[in-house]
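Asker: Below you will find the structure I want to go over with you.
Coordinate-derived values only; no laboratory data. The structure presented is a predicted model; accordingly, all values stated were derived computationally and were not measured. With ideal geometry, Cβ positions are generated from the backbone for all residues, glycine too; neighbour counts draw on all protein chains shown.
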Amino acid sequence: MAGVRSMLRLASRYDCTIDHVNSKYLYNNIGLVQRTGYMATSLTEVKNRADVIKIFW
């Protein structure tokens, strides 16, 4: 962790950007969620809140 912290301090000092090795794929996934929408919930929450559940098969 000390190495990561020092790297972040260095990047902050020199206005650098730190990029993940797989950021291309991560941003593709984020873009897909932004364009299409995404909803996540648990089955318990669905059971407690839903009046009607319609399942398309």
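Asker: Got at least one residue in the stretch 21-36 being in a loop (DSSP other than H, G, I, E, B) and in contact with a helix residue (DSSP H, G or I) (Cβ under 9 Å, 6 or more places away or on another chain)?
Answerer: Scanning the stretch 21-36 turns up no residue that is in a loop (DSSP other than H, G, I, E, B) and in contact with a helix residue (DSSP H, G or I) (Cβ under 9 Å, 6 or more places away or on another chain).
Asker: Among V4, V52, V21, V46, which is surrounded by 10 or more Cβ atoms within 10 Å (Cβ to Cβ), free of Cβ contacts under 8 Å to residues at least 12 places away in the same chain and of a type in the set (V, I, T)?
Answerer: From the options V4, V52, V21, V46, the qualifying one is V46.
Yes/no per residue for (1) within 13 Å of the chain's Cα centre (by Cα); (2) at negative phi; (3) of a type in the set (F, W, Y):
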site: G3; (1), (2), (3): no, yes, no
site: L8; (1), (2), (3): no, yes, no
site: S12; (1), (2), (3): no, yes, no
site: C16; (1), (2), (3): no, yes, no
site: H20; (1), (2), (3): no, yes, no
site: N28; (1), (2), (3): yes, yes, no
site: A40; (1), (2), (3): yes, yes, no
site: N48; (1), (2), (3): no, yes, no
site: F56; (1), (2), (3): no, yes, yes
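Asker: Another one. Give me a count of the residues in the stretch 19-57 that are within 25 Å of L8 (Cβ to Cβ) and either of a type in the set (G, A, S) or touching a Leu at 6+ places or on another chain (Cβ under 8 Å) (or both).
Answerer: 2
Asker: Could you tell me whether L10 is surrounded by 10 or more Cβ atoms within 10 Å (Cβ to Cβ) and not β-branched (V, I, T)?
Answerer: Yes; evaluated as a whole, the condition is true for this residue.
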